[in-house]
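Student: I have a structure here, written as structure tokens, and I will follow up with some questions on it.
The values are calculated or read from the model by the stated rules, or taken from the named source; none is laboratory data. It should be emphasised that the depicted structure is a prediction, and the values quoted were computed from it without experimental measurement. As a convention, Cβ positions derive from the backbone with ideal geometry for all residues, glycine included, and neighbour counts pool all protein chains shown.
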Amino acid sequence: MRMTILGAVLGLVVLLLLATVGVPRREAFAQRPNLPASNLPSGNVAGGDGLLAFTSAVGEKTQMLTVVDPRQQVVSVYHVDTHSGEITLKSVRNIHWDLQMSEFNGVSPLPREIRALAEPR
């Protein structure tokens, strides 16, 4: 419980820092008003600029913070040392092309197989 609260607080701090970097504010958050953090499930935080942050424990000393920018379709992953507070960027990925794929590591029936059965001959 303590690590979840610490992760949520650290996530809010990162989001607040990112919000002050001069990014223009937008009024929409996933086509609806911003949700206060108190209305979100534990471990999820809504940012004022449409950023999403998710936290999870990675062992006893590390919290993982995942920040998603839906507008730019970018996912960033950070590890936060819960004792020192040190934040380390682990990965950044633009997922635009990932989201264009119709299948990956799928199992039968694959989407193209279903489409072939449904198309008139």
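Student: I'd like the residue in the range 77-105 that is hydroxyl-bearing (Ser, Thr, Tyr) and in a strand (DSSP E or B) and, out of all such residues, is nearest to residue 64 (Cα to Cα).
Tutor: Only one residue tops the list, namely 78.
Student: Taking the condition within 11 Å of the chain's Cα centre (by Cα) and of a type outside the set (Asp, Glu), does residue 53 pass?
Tutor: Considered against the rule, which asks whether it is within 11 Å of the chain's Cα centre (by Cα) and of a type outside the set (Asp, Glu), residue 53 comes out as yes.
Student: For the range 80-93, what are the residues that are of a type in the set (S, T, N, Q) and exposed (fewer than 12 other Cβ atoms within 10 Å of the Cβ)?
Tutor: 84, 88, 91
Student: Now for a separate question. Restricting the search to the range 94-121, which residues are closer than 30 Å to residue 63 by Cβ and either modelled with pLDDT under 85 or surrounded by 10 or more Cβ atoms within 10 Å (Cβ to Cβ) (or both)?
Tutor: Across the range 94-121, the qualifying residues are 94, 95, 96, 98, 105.
Student: Can you tell me which residues in the range 81-121 are under 30 Å from residue 55 (Cβ atoms) and charged (D, E, K, R)?
Tutor: 81, 86, 90, 93, 98
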